[in-house]
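Accompanying notes for the structure given below.
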Amino acid sequence: MRVLVDVMLESTRIIAYMFSVVFSGYLVTNYNAAFLALFRNPFMQLISGFFLAMSMIDFRRNDLNVNLINLAISTIFFQIMLFSLKKLSYQYDKNEV
């Protein structure tokens, strides 16, 4: 029974997080374009990924070393994903023109 409750709570937390991420993008649409352009910089994307990953890790569950490894790996994979999507989008634009 405890496993079922843990899975339900964790799934609810992840879905709520995903929901908030989708709508948080709409919250910043009125921000200054120059400010938003700062987040095109890979370093700022790395920092953003760091905070996103940090918000998903349950620091009470594992010891500090395991949590830091999870944080580093998640952040690096997030950065790789952003870079890959950026490259794909450029290739898509080239093929469209």
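The values are calculated or read from the model by the stated rules, or taken from the named source; none is laboratory data. Keep in mind that this is a model prediction, so the values were computed, not measured. When we count neighbours, we look across all protein chains shown, and the Cβ atoms used for this are built from the backbone with ideal geometry, even at glycine.
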Failed criterion for Tyr17 (all others in (1) assigned by TED's automatic domain parsing to the domain that holds Ala72; (2) of a type in the set (Phe, Trp, Tyr); (3) in contact (Cβ under 8 Å) with a residue 24 or more places away in the chain hold): (1)
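With respect to Ser74, determine if the residue is under 23 Å from Glu10 (Cα atoms) and either modelled with pLDDT under 85 or among the basic types (Lys, Arg) (or both).
Here the answer is no, as Ser74 does not meet what is asked.
Would you check if Tyr26 is loosely packed, with under 10 Cβ neighbours inside 10 Å and either of a type outside the set (A, V, I, L, M, F, W, C) or touching a residue at least 12 places away in the same chain (Cβ under 8 Å) (or both)? I'd like the intermediate steps shown before the answer.
Working: loosely packed, with under 10 Cβ neighbours inside 10 Å: yes; either of a type outside the set (A, V, I, L, M, F, W, C) or touching a residue at least 12 places away in the same chain (Cβ under 8 Å) (or both): yes.
Judged against the criteria, Tyr26 is a match.
To keep it simple, each residue is scored yes or no on (1) of a type in the set (S, T, N, Q); (2) loosely packed, with under 11 Cβ neighbours inside 10 Å.
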site: Val5; (1), (2): no, yes
site: Glu10; (1), (2): no, no
site: Asn32; (1), (2): yes, yes
site: Phe35; (1), (2): no, yes
site: Phe59; (1), (2): no, no
site: Val66; (1), (2): no, no
site: Ile80; (1), (2): no, no
Lone qualifier among Asn62, Asn41, Asn70 - being touching a helix residue (DSSP H, G or I) at 6+ places or on another chain (Cβ under 8 Å), in the same structural domain as Ser89 (by TED's automatic domain parsing) and under 29 Å from Ser89 (Cβ atoms): Asn70
